[in-house]
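To keep things clear, I will list the structure first and then write my remarks on it.
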């Protein structure tokens, strides 16, 4: 069984200010359960898993997870093999939590918000705090819409594929090859929001655009999505400049000034992936001096 990575398509940072968020699984990167061949390999590959079991027991999660079997399997050499890059916001720990729940569940919550809460408690072992969004997307393996009122819904992006316009339209990932942590960029955003003008611009301009882009993606309106993406790209270049790696600002600006592609932050920013949209993917591949991966 494979547990796919995920990306946040929309809602980066603005979800803190009341926007919706839309996340989706990525099949290129995933993790799966494997067994180590010998004790030395086991010790290297298991890393923090024994400590994770201890943490889960301390949180009284033995009521919902068969932690005794999990611990026994670890002693037998079980580990989580993954090609999900860490420090990219792609859900490397989320996929692991999804794999644990899928393999060792006893009695799970029956609603998505409660399941998200369980995943948040589990993933807090890795990050100190967690919303539970990443592991929920990895577990359900489906695009998920997170609303500002706490609702969690599965959605489809199939209509978007049918409505694409252009010779080779696509949403793609651009790899910065920069690992980063989420917290510094969240904290940097919150600090800037202490400025009333900055805060107002985020709430009154960026949040509605993000919500509009999400609905355009779900409703399958490619033209409207592209238009919203372009304005978001402009606003992020101004408001989120500290989240854009310096050596990628020229490419971002090139996209803004031309008509071939538009870029936006993917997740926390600061590195990892950038997200792009274009009407001719092959042309953009030849324009941008970095490998691109089409995801939609």
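General remarks:
- Residue-level analysis places residue 96 among those that are at pLDDT 95 or above, assigned by TED's automatic domain parsing to the domain that holds residue 40 and buried (at least 21 other Cβ atoms within 10 Å of the Cβ).
- Qualifying residue in the range 114-123 (condition: in contact (Cβ under 8 Å) with a residue 40 or more places away in the chain, under 23 Å from the mean Cα position of the chain (by Cα), crowded, with 20+ Cβ neighbours inside 10 Å and assigned to a helix (DSSP H, G or I)): yes
- Of everything listed in (1) closer than 28 Å to residue 158 by Cα; (2) assigned to a helix (DSSP H, G or I); (3) in contact with a strand residue (DSSP E or B) (Cβ under 7 Å, 6 or more places away or on another chain), the single unmet condition for residue 206 is (3).
- Residue 45 passes every criterion in (1) free of Cβ contacts under 8 Å to residues at least 40 places away in the same chain; (2) out of contact with any strand residue (DSSP E or B) (no Cβ under 7 Å at 6 or more places or on another chain); (3) surrounded by fewer than 19 Cβ atoms within 10 Å (Cβ to Cβ) apart from (2).
- Test set (1) surrounded by 12 or more Cβ atoms within 10 Å (Cβ to Cβ); (2) in a loop (DSSP other than H, G, I, E, B) - residue 37 fails condition number: (1)
- Number of residues in the range 174-193 that are outside any loop (DSSP other than H, G, I, E, B) and surrounded by 12 or more Cβ atoms within 10 Å (Cβ to Cβ): the value is 10.
- In summary, residue 245 fulfils each of the numbered conditions (1) in contact with a helix residue (DSSP H, G or I) (Cβ under 9 Å, 6 or more places away or on another chain); (2) in contact (Cβ under 8 Å) with a residue 12 or more places away in the chain with the single exception of condition (1).
- The residue list 145, 106 contains one member that is closer than 29 Å to residue 67 by Cα and touching a residue at least 40 places away in the same chain (Cβ under 8 Å), which is 106.
- The one condition in (1) touching a strand residue (DSSP E or B) at 6+ places or on another chain (Cβ under 9 Å); (2) part of a loop (DSSP other than H, G, I, E, B); (3) under 23 Å from residue 150 (Cβ atoms) that residue 94 fails to fulfil: (2)
- Residue that is farthest from residue 60 (Cα to Cα), among those in the range 126-149 that are surrounded by fewer than 19 Cβ atoms within 10 Å (Cβ to Cβ) and in contact with a helix residue (DSSP H, G or I) (Cβ under 6 Å, 6 or more places away or on another chain): 131
- For the range 161-173, the tally of residues that are touching a helix residue (DSSP H, G or I) at 6+ places or on another chain (Cβ under 8 Å) and either in a strand (DSSP E or B) or outside the structural domain of residue 275 (by TED's automatic domain parsing) (or both) stands at 3.
The values are calculated or read from the model by the stated rules, or taken from the named source; none is laboratory data. On a predicted model such as this, the values are computed, not experimentally measured, just so you know. In this analysis, Cβ positions are derived from the backbone assuming ideal geometry, glycine residues included, and neighbour counts consider all displayed protein chains.
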